[in-house]
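The values are calculated or read from the model by the stated rules, or taken from the named source; none is laboratory data. Remember, it's a predicted structure, so these values are computed and weren't measured experimentally. Using ideal geometry, Cβ is built from the backbone for each residue, glycine included, and neighbour counts are taken over all protein chains shown.
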Amino acid sequence: MHQKELSQLTDKELLEVAKNNKPSPMIDAFFIGFLAGIIIYGAAANAWGFVILIPLYLIYLFLKKPKRYSELKKELEKRNLQ
């Protein structure tokens with residue numbers, strides 16, 4: 001969600017989104033490592049197609065998750081809901 005969308009939510013909806021989007025760094029780190037292993041295996045097997053592109057995109061999504069959560073926390077602090 002972008003900042004514009006977060007500002008349009010009601011307080012109740014915003015609290016619900018915050019409850020459901022808590023980061024889990026251990027699980028994210030595990031999946032990033034797993035996907036990096038797939039990329040390394042794909043490079044070793046000379047498979048330069050979706051075997052490398054899909055894990056790279058998924059790693060990008062895992063790395064983007066904390067940024068979205070920080071935007072959510074800023075909106076919660078702005079409304080004094082925390």
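Specify the residue that is farthest from R68 (Cα to Cα); the eligible residues are those in region 2-58 that are among the small types (G, A, S) and not in a helix (DSSP H, G or I). Only one residue fits best here, namely A45. In region 57-75, the residues that are at pLDDT 85 or above reach residues that are surrounded by 15 or more Cβ atoms within 10 Å (Cβ to Cβ) and charged (D, E, K, R) with C-beta atoms within less than 9 angstrom, at least six apart or across chains, in these pairs: F62/D28; L63/D28. For region 15-39, the candidate set comprises residues that are among the β-branched types (V, I, T) and surrounded by 12 or more Cβ atoms within 10 Å (Cβ to Cβ); within that set, the residue that is nearest to L76 (Cα to Cα) is V17.
Taking the condition touching a residue at least 40 places away in the same chain (Cβ under 8 Å) and over 17 Å from the mean Cα position of the chain (by Cα), does L15 pass? Considered against the rule, which asks whether it is touching a residue at least 40 places away in the same chain (Cβ under 8 Å) and over 17 Å from the mean Cα position of the chain (by Cα), L15 comes out as yes.
Taking (1) surrounded by 15 or more Cβ atoms within 10 Å (Cβ to Cβ); (2) more than 30 Å from E5 (Cα to Cα); (3) modelled with pLDDT of 90 or more in turn, G42 satisfies each apart from (3). Only one of the listed residues (K22, K4, K78) is at pLDDT below 80 and out of contact with any helix residue (DSSP H, G or I) (no Cβ under 8 Å at 6 or more places or on another chain). That residue is K4. Tell me, please, whether a residue that is charged (D, E, K, R) and at pLDDT below 85 can be found in region 27-37. Among the residues of region 27-37, not one is charged (D, E, K, R) and at pLDDT below 85, which makes the answer no. Among residues of region 45-56 being modelled with pLDDT of 85 or more and in contact with a helix residue (DSSP H, G or I) (Cβ under 9 Å, 6 or more places away or on another chain), the one that is surrounded by the most Cβ atoms within 10 Å (Cβ to Cβ) is P55.
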